[in-house]
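Engineer: Let me give you the structure first, and then I'll get to my questions.
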Amino acid sequence: MADFVGVDFYEMDEMLSDEQRLVRDTVRKFIQDKALPIIEDHQREGTFPISLLPVIAEMGLLGAHIPDYGAGMDALAYGLIMQELERGDTGIRSFASVQGGLCMYPIWRYGSDEQKDEWLPRMDAGEVIACFGLTEPDAGSDPSAMRTRAERDGDDWVLNGVKYWITNGTLAHLAVIWAMTDDGVRGFLVPTDTPGFTANQIKAKYSLRASDTAGLVMEGCRVPEALRLPLAEGLKAPLTCLNEARYGIAWGAIGAAMACYDEALRYAQVRVAFGRPIAGKQLIQEMLVECVSEITKAQLLCWRLALLKDEGKAHPAYISLAKRNNVAMARNTARMCREILGANGILDDYQTFRHMVNIESVYTYEGTHQIHTLIVGQKITGESAF
Ligand SMILES: Cc1cc2nc3c(=O)[nH]c(=O)nc-3n(C[C@H](O)[C@H](O)[C@H](O)COP(=O)(O)OP(=O)(O)OC[C@H]3O[C@@H](n4cnc5c(N)ncnc54)[C@H](O)[C@@H]3O)c2cc1C
């Protein structure tokens, strides 16, 4: 497979610091050398490429944006990591997003010092894999409808309920579970070997096949008060975690789009129809130009968002706008690139179809396209339309 050089129509590369460029190029090479050669097998088998985990952890990609307990990189470097991981496969980026953005982040932000010391170093090292349980079979876009309950019983909490669509669910050693209590939503760290806890893989997926997705069942699952996140109060706590992950998704979508565009461009330059390469056909050029225009706009959007995030000024609606725009962009880009590949575009000799179906999950998870529309709509009009 030819080396990937990225998509940089506006010469944004020169705006990167040496460190940011080094991080991006290191992850890019890792994806090229280690992930792409094995990813289609995992796609066919429906398994997460767990063999990549030690290297991902060693490179500091799991807690890349977590201060003190992780590499503590700036928002731009973190975004570039997510971009490059998803250039390989959405499942790889999802693993890192869940581990870092959805699980290490709440422990770092809402946990006690004892909880941080106990879990974060091992999570950063990839020794403890975690999952984030918010969604339920009947509560997705509206997590306030959750039915999972945590009842206080002496020094313990007893959890009962079902979480569904949980990434890393059967791989996880630790589940960050959001449950309703008499005082509202609270977060719990539930070791997955706790009696009463079971995880069942959701196998029949067309999308995100190289990712572990599970249903979690808690029946009388007892955890001590010491495993409740002490500073997490109400639904806003899990929503701040989603913001972290959504930021990474906005970047990741660029990676998926880049992978498809790069493949379609190379293909168009060598595929001959009516006596010359299809790259010389106006209608093909129109699609390629549309792709590179939208990728470039998405890059600029993420660039600005990264600077705002480091300044603590990235309003959740700004992140929603980027997630909404960039995932829709990747979805359209993947479809156009699949079209350029013709019949070959439905084969797994090419990666575009895999990205195309993966993006369907990304379009829905971490807030659907419609939910992000409503978040941005509320910010600009002052009216809630949920
Ligand atoms: C592969 C995968 C991995 C996932 N990983 C995780 C995970 O690790 N942890 C976790 O907690 N969850 C996870 N999820 C769940 C995901 O976040 C939810 O699927 C998502 O929030 C949408 O919920 P839903 O599927 O129940 O759709 P619903 O909420 O039922 O929505 C159905 C449709 O109605 C639309 N809709 C809903 N409300 C409105 C409204 N007010 N106005 C207009 N339209 C509306 C939606 O946009 C959507 O099109 C994952 C999902 C997938 C597919």
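Any read-out appearing in this document is the output of simple, stated calculations on the displayed coordinates, not a laboratory observation. Being a predicted model, the structure only gives us computed values, none of them experimental. Every residue, glycine among them, receives a Cβ derived from its backbone with ideal geometry; neighbour counts consider all protein chains shown.
Engineer: Could I get the Rg over Rh figure for the range 40-81? Both from C-alpha atoms, Rh via Kirkwood, rounded to two places.
Structural biologist: Working: Rg = 13.1 Å, Rh = 11.6 Å.
The Rg/Rh ratio comes out at 1.13.
Engineer: May I ask for the distance between the Cα centers of the range 1-66 and the range 104-174, given as a whole number of Å?
Structural biologist: The distance from the Cα centre of the range 1-66 to that of the range 104-174 comes to 27 Å.
Engineer: In nm, what is the difference between 0.36 nm times the number of residues separating F386 and E151 and their Cα-Cα distance?
Structural biologist: Using 0.36 nm per residue and subtracting the Cα-Cα distance, I get 81.6 nm.
Engineer: Could you give the size of the charge dipole of the range 1-153 about its Cα centre, using +1 on the Cβ of each K and R and -1 on the Cβ of each D and E, expressed in debye and rounded to the nearest 20? The partial results should precede the final answer.
Structural biologist: Numbers: 14 positive and 29 negative charges, 64 e Å.
Here the range 1-153 has a charge dipole of around 300 debye.
Engineer: Would you compute, from DSSP H runs of 4+ residues alone, the mean residue ellipticity of the chain at 222 nm, taking -39500 (n - 2.57) per run and dividing by the full residue count, rounded to the nearest 500? Could the numbers behind the result be given before it?
Structural biologist: Values: 12 runs with 183 residues, N = 386.
Taking each H run of at least 4 residues, the total per residue is -15500 deg cm²/dmol.
Engineer: Are there cysteines in the chain with no second cysteine's Cβ under 4.7 Å away, and if so, which?
Structural biologist: Within the chain, the cysteines lacking a partner Cβ under 4.7 Å are C103, C131, C221, C241, C291, C302.
Engineer: If R0 is 30 Å, what FRET efficiency do you get for M15 and H369 from their C-beta distance, rounded to 0.05? Intermediate results must be reported in sequence, preceding the final value.
Structural biologist: Values: r = 29 Å, r/R0 = 0.97.
Rounded to the nearest 0.05, the efficiency is 0.55.
Engineer: Oh, and also: Rounded to the nearest 20 debye, what is the charge dipole size of the chain about its Cα centre when +1 sits on each Lys and Arg Cβ and -1 on each Asp and Glu Cβ? The partial results should precede the final answer.
Structural biologist: Details: 38 positive and 52 negative charges, 252 e Å.
That gives a dipole near 1220 debye.
Engineer: Non-local amide H neighbours of I66 (under 5 Å, H modeled in plane, Pro and chain starts lacking H): which ones?
Structural biologist: Long-range HN contacts for I66: A71, G72, M73.
Engineer: Then there's this: Using the per-residue mean of other Cβ atoms lying within 10 Å as a proxy for protection, in what order, highest first, do the peptides 164-170, 253-259 fall?
Structural biologist: Values: 164-170: 22.3, 253-259: 30.1.
Per-residue mean Cβ counts within 10 Å order the peptides as 253-259, 164-170.
Engineer: Decide, for the range 236-379, between rounded, prolate and oblate: order the square roots of the alpha carbon gyration tensor eigenvalues as a ≥ b ≥ c, take rounded if a/c falls under 1.5, and otherwise choose prolate if a/b is larger than b/c, else oblate.
Structural biologist: Numbers: a/c = 2.91, a/b = 2.22, b/c = 1.31.
Taking the square roots of the gyration eigenvalues as a ≥ b ≥ c, the range 236-379 is prolate.
Engineer: OK, next. Binning every alpha carbon pair distance of the range 92-244 at 10 Å from zero, what are the percents per bin?
Structural biologist: Spelled out per bin, shortest first, that is 12, 46, 37, 6, 0.
Engineer: Whose amide H sits under 5 Å from the amide H of E136, counting only residues 5 or more places off or on another chain, with H placed in the peptide plane?
Structural biologist: Residues meeting the criterion, in which the H sits 1.01 Å from N, are Y164.
Engineer: Can you name the helices of the chain, as whole DSSP H runs, whose Cα span along the helix axis is 24 Å or more and whose Kyte-Doolittle mean is not below 0.5? Display every interim value, and only then the final one.
Structural biologist: Values: long enough: 236-270 (51 Å, 0.26); 282-310 (42 Å, 0.53); 316-340 (36 Å, -0.32).
Going by DSSP H runs, the hits are 282-310.
Engineer: Let's test this: bin the Cα-Cα distances of the range 178-239 at 5 Å from zero up to the farthest pair and state each bin's percent.
Structural biologist: 4, 15, 20, 18, 18, 14, 8, 3
Engineer: Please work out the C-alpha center-to-center distance from the range 214-237 to the range 296-342 and express it in whole Å.
Structural biologist: With the range 214-237 and the range 296-342 each reduced to a Cα centre, they are spaced 32 Å.
Engineer: Expected output is a single nm value to one decimal: the length gained when fully extending between K203 and D68, i.e. 0.36 nm times separation in residues minus the C-alpha distance. What is it?
Structural biologist: Details: separation 135, 0.36 × 135 = 48.60 nm, distance 3.71 nm.
So the chain would gain 44.9 nm between K203 and D68.
Engineer: Please give the residues of the range 63-95, grouped as numeric ranges, whose backbone N is less than 20 Å from a label point set 7 Å along the Cα-to-Cβ vector of E45.
Structural biologist: 88-95
Engineer: Return, for the Cα atoms of the range 1-156, the radius of gyration and Dmax in Å, separated by a comma.
Structural biologist: According to the Cα coordinates of the range 1-156, Rg and Dmax are 17.9, 61 Å.
Engineer: Please express the Cα-Cα pair-distance distribution P(r) of the chain as a list of whole percents, one per 10 Å bin, running from 0 to the bin with the greatest distance.
Structural biologist: Whole-percent P(r) values from 0 Å outward: 5, 24, 33, 24, 10, 3, 1, 0.
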